[in-house]
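The values are calculated or read from the model by the stated rules, or taken from the named source; none is laboratory data. This structure is a prediction, so every number in the text was calculated from the model and none was measured. Every residue, glycine as well, gets a Cβ built from its backbone with ideal geometry; the counts of neighbours run over all protein chains shown. What goes into the accessible areas is simple: the full protein's heavy atoms, side chains included, and nothing from ligands, DNA or RNA. Shrake-Rupley method; radii C 1.70, N 1.55, O 1.52, S 1.80 Å.
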Amino acid sequence: MTELDVQPVLDEADALRLLRHGEFELEGRLVDASNTTLRGLLTLDGVTARCVYKPVRGERPLWDFPDGTLAGREVSAYLVSRATGWRLVPPTVLRDGPLGAGACQLWIDEPEDGEQMVGFVPAFELPIGWFRIASARDEEGNAYALAHADDPRLARMAVFDAVINNGDRKGGHVLVGADGQVFGVDHGVSFNVDDKLRTVLWGWTDARLPDEAVEVLERLGPALDTTLGEQLAVHLTLAEVRRTRERVGTLLAAGRFPGPSEDWPAVPWPPI
């Protein structure tokens with residue numbers, strides 16, 4: 001049994017090579033996930049790193065997504081993230097594993113004393129600079145607020161989620177690595193042709209897009225018409241790729257963050 005105390009620091013190219021070609025060893029299952037989600041170790045050329053492995057055969061059927069496509073959507077989210085340059089999604093590939101083909105993503109270690117950016121906080125102790133998204137009470141009737149930080153790293157993620165039409169941005173899907181880089185994980189229910197955006201990151205609703213986001217979207221549109229679109233077409237339908245391009249255009253035309261739909265629940269459940 002291989003032991004790993006600290007996840008190694010890998011550049012993107014080395015991480016992708018390890019994910020694609022590393023020798024696989026399973027460690028166990030992440031029991032809170034709705035689909036089969038396993039943690040494993042990959043070893044290649046003397047380097048060992050942890051990964052998250054989601055086999056296609058463990059995907060739970062959904063009424064609004066074709067069967068067996070969630071792993072490809074995980075990879076697609078990474079491809080869009082890479083095109084933005086924001087590094088929001090850990091390196092992710094589609095490969096064979098112990099349970100067959102599936103999405104394989106680099107594991108992100110979060111420091112025990114790491115930064116909290118999304119969560120339930122006492123309603124009257126909302127941190128300065130945080131957005132209140134929803135109200136709640138615990139079993140004893142104490143008031144809490146679902147809230148998130150007003151942080152440009154999260155604002156990037158909100159734009160990214162609008163592009164990929166993420167239907168499940170829970171607070172627990174936002175990770176902060178040891179270097180302060182913010183990552184998003186669990187993108188299997190993304191890229192639907194219908195509006196499915198559900199997120200806890202509604203704090204910027206109708207606010208103007210930052211100049212940085214506009215510049216990224218202006219690059220992303222042409223990329224979706226060429227190389228990026230071709231890469232996504234391996235995992236998504238042509239209609240889904242086309243709708244992704246249209247969402248980029250809609251964001252640029254509005255120049256603002258989107259707001260919740262009246263036809264679809266705005267916040268995923270559970271939100272964290």
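Details
- Protein accessible area in the chain, 1.4 Å probe - carbon and sulfur %: 51 percent
- Amide H contacts under 5 Å for residue 107: 50, 51, 52, restricted to partners 5 or more places along the chain or on a different chain, H placed in the peptide plane at 1.01 Å from N.
- In nm, spacing of pseudo-spin labels at residue 195 and residue 11 (7 Å Cα→C-beta vector): 4.3 nm
- Relative contact order [Cα under 8 Å, 6+ residues apart], segment 55-155, whole percent: 19 percent
- Segment residue 99-residue 264, extension gain: residue separation times 0.36 nm, minus the distance between their alpha carbons: 56.0 nm
- Value in Å of the Kirkwood radius, where segment 1-107 supplies the Cα pairs that are averaged: 14.2 Å
- Computed over the chain: relative contact order in percent, which uses C-alpha pairs under 8 Å that are six or more apart: 17 percent
- Placed amide H near residue 256: partners under 5 Å, 5+ positions off or other chain: 209
- Using a Förster distance of 35 Å, the FRET efficiency for residue 181-residue 124 (Cβ separation, nearest 0.05): 0.65
- Cα→Cβ-extended label distance, 7 Å offset, between residue 116 and residue 205, nm: 2.4 nm
- Using θ = phi - 60° and Karplus 6.51 cos²θ - 1.76 cosθ + 1.60, couplings along segment 158-168 (whole Hz; Gly, Pro as x): 5, 5, 4, 4, 5, 5, 8, 6, 5, x, 7
- Take every Cα pair under 8 Å whose residues are at least 6 apart in sequence, average their separation, divide by the length of segment 51-106, and the relative contact order is 45 percent.
- Using θ = phi - 60° in the Karplus curve 6.51 cos²θ - 1.76 cosθ + 1.60, the 3J(HN,Hα) couplings for segment 192-206 round to 5, 6, 8, 5, 10, 4, 10, 7, 8, 9, 9, x, 9, 3, 6 Hz; x is entered for Gly and Pro.
- Global form of the chain, assessed from the alpha-carbon gyration tensor, a/c cut-off 1.5: oblate
- Using a Förster distance of 35 Å, the FRET efficiency for residue 30-residue 218 (Cβ separation, nearest 0.05): 0.40
- Largest first, the residues 161, 168 sort by 1.4 Å accessible area into 168, 161.
- Think of a 1.4 Å ball rolled over the protein heavy atoms: the chain then has 50 Å² of accessible area per residue.
- Cα centroid of segment 113-151 to Cα centroid of segment 211-272, whole Å: 28 Å
- Longest site-free stretch - the chain; sites: GluC sites (Glu not before Pro), DSSP loop, at most 10 other Cβ within 10 Å: 141-261
- With θ taken as phi - 60° and the Karplus curve 6.51 cos²θ - 1.76 cosθ + 1.60 applied, the whole-hertz 3J(HN,Hα) list for segment 22-39 is x, 6, 8, 9, 7, 9, x, 10, 8, 6, 7, 6, 6, 9, 4, 10, 10, 9 Hz, x standing for glycine and proline.
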